[in-house]
1. Going by the conditions given, is VAL126 among the hydrophobic types (A, V, I, L, M, F, W, C), crowded, with 24+ Cβ neighbours inside 10 Å, within 16 Å of the ligand (Cβ to nearest atom) and outside any helix (DSSP H, G or I)?
2. Provide a single number: the residues in the stretch 53-82 that are in contact with a Ser or Thr (Cβ under 9 Å, 6 or more places away or on another chain) and either within 17 Å of HIS187 (Cα to Cα) or assigned to a strand (DSSP E or B) (or both).
3. How many of the residues in the stretch 172-212 are more than 14 Å from the chain's Cα centre (by Cα), free of Cβ contacts under 8 Å to residues at least 60 places away in the same chain and within 16 Å of the ligand (Cβ to nearest atom)?
4. I'd like the residue in the stretch 1-52 that is touching an Asp or Glu at 6+ places or on another chain (Cβ under 6 Å) and assigned to a loop (DSSP other than H, G, I, E, B) and, out of all such residues, is farthest from the ligand (Cβ to nearest atom).
5. Go through the residues of the stretch 299-317 one by one and say whether even a single one is modelled with pLDDT of 95 or more, out of contact with any helix residue (DSSP H, G or I) (no Cβ under 8 Å at 6 or more places or on another chain) and polar (S, T, N, Q).
6. Residue under question is LYS165, and the condition is that it be away from the ligand (no atom under 16 Å from the Cβ), charged (D, E, K, R) and assigned to a loop (DSSP other than H, G, I, E, B); does it hold?
7. As an exercise: evaluate PRO290 against (1) in a helix (DSSP H, G or I); (2) touching a helix residue (DSSP H, G or I) at 6+ places or on another chain (Cβ under 7 Å); (3) buried (at least 18 other Cβ atoms within 10 Å of the Cβ) and give the number of the one condition it does not meet.
8. Which residue is nearest to ARG348 (Cα to Cα), if the candidates are limited to the stretch 101-116 and must be within 16 Å of the ligand (Cβ to nearest atom) and out of contact with any helix residue (DSSP H, G or I) (no Cβ under 6 Å at 6 or more places or on another chain)?
Amino acid sequence: MIYLDHAATTPVREEVVKEMEPYFTQYFGNPSTIYKVGREAKKGMEEAREKVADLIGAKVDEVIFTNGGTESDNMGIKGVAFKNKDKGNHIITSQIEHPAVIETCAFLKKLGFEITYLPVYKAGVVKLEDLKEAITDKTILITIMHVNSEIGTIQPIKEIGEIAKEKGITFHTDAVQSVGKIPINVHELNVDLLSISSHKIYGPKGVGALYVREGIRLEPFIHGGGQEKNLNSGTENVPGMVGLGKAAEIAKKELGCNMKHLSNLKEKLINGISYIEEAYLNGDIERMVPGTANFHFIGIEGESLVLLLDGNGIATATGSACSSKKLKASPVLKAIGLDVVKSHGSLRITLGPENTEEEVEKVIAAIKTSVERLRSMSPIWNNRK
Ligand SMILES: Cc1ncc(COP(=O)(O)O)c(C=O)c1O
């Protein structure tokens, strides 16, 4: 298999599995207990916290473990909203957030919060003027993702953070698709809250973290034994946390090298695809993470292309999602101005460090052949010629 869907998930690294193993059996204790096996578990958990903090330039006690990116987003957004509802009820986000943010905002809207969705234009990037204009004296939170999961565009987080800071507004960023892929320092980025997911960086699924800047107060939404500074009650997933810690350590060590390798592969991929007639890259090439490329091919259906490639042992994704047997256009591609037909003809390729140049060459050839085959059967393609 040639795996090209690293934005969806990644395989767990062997070193990560090894690091986790003793915490299932040997150090199985409850970290809240005071005897040895519990203390060992607690030690593993705290060492993991240090590694996560180190990856993003945070203090150790600013890292709260969660059960993944979705929970981190919920914890940060609802936590700020409920804690500050007496100060204001306005939240600013963008049109291209992950459902973990979009749906959380939709839920808060039902409770009486007002949500502004900033446009992202053709490049897939928010404009600072739009943000400044949207801010009111009721704005309590800005939540804008760092890197988009579908098109890979990087938002101007540092600048957004400066504006938020100046206005005294809490700023959350969903960094699930940027952590471990580009350098991140929470101070340089001016963020108050930042979401992380382990399974996107070669760690286990079902674990993540939320960076909470010292002094930021959140209303907990899970109540119980008070673990994780009372923000995430429940006996901790120690092996998962240890796995995330190891994955974070590896990601930091290999970041520079990976970025270079992925940039080279992506350049090769984009160059190869550019020889296919009526094939276009979605989003702004100058403002993307190294590993992500999203294309649209006129006259074809993205899902069919994904299936044909799968038949050739190549795992990719599409921008449109299949919902109740009807094809629903991707809100992200719609937000960058693609019409429904173009949006349905999209293909997302997210490369990983283990991909090679030979794989990229094979993939380009397979895409070319598959697109030609689909177009030969496409009324849209054949009628437009
Ligand atoms: C940008 C973004 N945010 C949040 C999530 C959700 O993360 P998790 O799967 O860990 O809940 C994802 C996963 O696809 C994502 O890409």
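The values are calculated or read from the model by the stated rules, or taken from the named source; none is laboratory data. The structure displayed is predicted, hence computed values, not measured ones. No Cβ is skipped: glycine too gets one built from the backbone with ideal geometry, and neighbour counts run over all protein chains shown.
1. Numbers: among the hydrophobic types (A, V, I, L, M, F, W, C): yes; crowded, with 24+ Cβ neighbours inside 10 Å: yes; within 16 Å of the ligand (Cβ to nearest atom): yes; outside any helix (DSSP H, G or I): yes.
Considered against the rule, which asks whether it is among the hydrophobic types (A, V, I, L, M, F, W, C), crowded, with 24+ Cβ neighbours inside 10 Å, within 16 Å of the ligand (Cβ to nearest atom) and outside any helix (DSSP H, G or I), VAL126 comes out as yes.
2. Here the count works out to 2.
3. Within the stretch 172-212, residues that are more than 14 Å from the chain's Cα centre (by Cα), free of Cβ contacts under 8 Å to residues at least 60 places away in the same chain and within 16 Å of the ligand (Cβ to nearest atom) number 2.
4. Result: TYR27.
5. No, because not a single residue in the stretch 299-317 is modelled with pLDDT of 95 or more, out of contact with any helix residue (DSSP H, G or I) (no Cβ under 8 Å at 6 or more places or on another chain) and polar (S, T, N, Q).
6. When the stated conditions are applied, LYS165 does not pass them.
7. (1)
8. Initially, the stretch 101-116 is screened for residues within 16 Å of the ligand (Cβ to nearest atom), giving 101-107.
Then drop every residue that is not out of contact with any helix residue (DSSP H, G or I) (no Cβ under 6 Å at 6 or more places or on another chain), which leaves 102-103, 105-107.
Working: ILE102: 21, GLU103: 23, CYS105: 26, ALA106: 26, PHE107: 29 Å.
The extreme case among them is ILE102.
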